[in-house]
Structures are given as structure tokens and as C-alpha cells.
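Participant: I have a structure I would like to understand better, so I am pasting it below and will then ask my questions one at a time.
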Amino acid sequence: MISRDSCGELLLQLSSTDAMIRTLKREPRPGGPRGGFAVLAALHRCGELRVGELAELFEIDVSVASRHLADLEERGWAERTPNPHDRRSWYARLTPEGEHAALERFARARDLLGELLADWPDEDAAELARLLSRLRTSFDARRVRTPDTSRAAAGAKGL
């Protein structure tokens, strides 16, 4: 079982990674979508999600998720389609231009991360990815999920 000291150190290290993650996700050019990389990645990975699923995935209010989606729609990167099973809800999905934008931004973030970790051996990067995936699995196991939100959780695993 993990010690309190190890948990404390892990919390400090996870907190310090927040700025690094924001840098990797941030749109490098002015005027990028506020929802940016994360929403593009989620829609790219899942294909389509309801706005409520996006909100659940990022643990944000539905109105915030809707604004992020609206930013993508204004750029022609996303569109909403009616839910064939429930006419009160809509699905969001990327347009072909949105797919291209997602892949382009992922490539840029991947290249930036590659520059930052240039002195790391591949084995260390693979081990960190494995451990982060394990951490995510532990977090997901503790969260209460409905069938709709379990599909959205897959989007959090990246492109």
C-alpha cells in the first residue's frame, strides 16, 4: 500500500505538471479555440460525443463545453448532428477540416514534447506513459459512471 509521504510527493509532482500540460495543449497561434486541443482530441478519438459527455469528460459545466464546441463550429472544425434516439439532444463531431486540425495540433504538441524530452531514452518515456495510463485507470475506477460517460472517458486517453 502506498505511504502518505509518497502520496504527498506524487501530488506535488502532479501539480507541477499542470503548467507543462497547458503549454502542450495551448494553441500556439493567437486566436485559437478556447477549448483547444483537448476538445479536438476527444472528438477525434471518440468520433462523436454529446455536449454533456464532453462536459463530463473534462469535468466542466455543460455551458462551458457548449462554448468550446461553438468555437470549433465557428472555425468549421466541428458540427452538431441530431441524436437519432433522442431528438432533444445532439451529437458533436469533427468535420474533415477538424480532423485535419486535430492531427496537425497533435503533431505539433508531439514534436514539442519530443524537443523537451530529447535527452530521455524511449524506455523512460514508455514507462511514464504506462504509469500515467495506470493512474488514469485507477482514477476512472473510482468515479461513478453512467453508460454514456464511459464512452467519453476513452476520449481522455488522447489521440
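Participant: Name every residue in the range 1-21 that is open to solvent by less than 100 Å² (accessible area, probe 1.4 Å) and assigned to a loop (DSSP other than H, G, I, E, B), in order of residue number.
Facilitator: Within the range 1-21, 3 is the sole residue that qualifies.
Participant: Evaluate the range 79-87: report whether one residue or more is part of a helix (DSSP H, G or I), more than 21 Å from residue 134 (Cα to Cα) and either at pLDDT 90 or above or of a type in the set (A, V, I, L, M) (or both).
Facilitator: No, that holds for no residue.
Participant: Same structure, new question: Can you name every residue in the range 128-145 that is free of Cβ contacts under 8 Å to residues at least 12 places away in the same chain and within 21 Å of residue 15 (Cβ to Cβ)? Even if it seems obvious, please write down each step before you answer.
Facilitator: Filtering the range 128-145 for residues free of Cβ contacts under 8 Å to residues at least 12 places away in the same chain gives 128-132, 134-135, 137-139, 141-145.
Result: 128, 129, 131, 132, 134, 135, 137, 138, 139, 142, 143.
Participant: Looking at residue 43, is it touching a Leu at 6+ places or on another chain (Cβ under 6 Å), at pLDDT 90 or above and not β-branched (Val, Ile, Thr)?
Facilitator: When the stated conditions are applied, residue 43 passes them.
Participant: Report yes if some residue within the range 68-83 is touching a strand residue (DSSP E or B) at 6+ places or on another chain (Cβ under 9 Å), open to solvent by 70 Å² or more (accessible area, probe 1.4 Å) and of a type outside the set (Asp, Glu); otherwise report no.
Facilitator: yes
Participant: Let me ask another. Only one residue in 57, 24, 69 is assigned to a helix (DSSP H, G or I), closer than 14 Å to residue 105 by Cα and either at pLDDT 90 or above or not charged (D, E, K, R) (or both). Which one? Full working, then the answer.
Facilitator: Details: 57 fails: closer than 14 Å to residue 105 by Cα; 69 fails: closer than 14 Å to residue 105 by Cα.
On inspection, the qualifying residue turns out to be 24.
Participant: Of the residues that sit in the range 95-150 and are modelled with pLDDT of 85 or more and outside any helix (DSSP H, G or I), which one is nearest to residue 48 (Cα to Cα)?
Facilitator: Looking at the filtered set, the residue picked out is 95.
The values are calculated or read from the model by the stated rules, or taken from the named source; none is laboratory data. Treat the numbers as computed from the prediction; the structure is a model and nothing was measured. Neighbour counts are summed over all protein chains in view; Cβ atoms, including those assigned to glycine, are modelled from backbone coordinates with ideal geometry. The accessibility values were calculated without ligands, DNA or RNA, using every heavy atom of the protein model including side chains. Shrake-Rupley method; radii C 1.70, N 1.55, O 1.52, S 1.80 Å.
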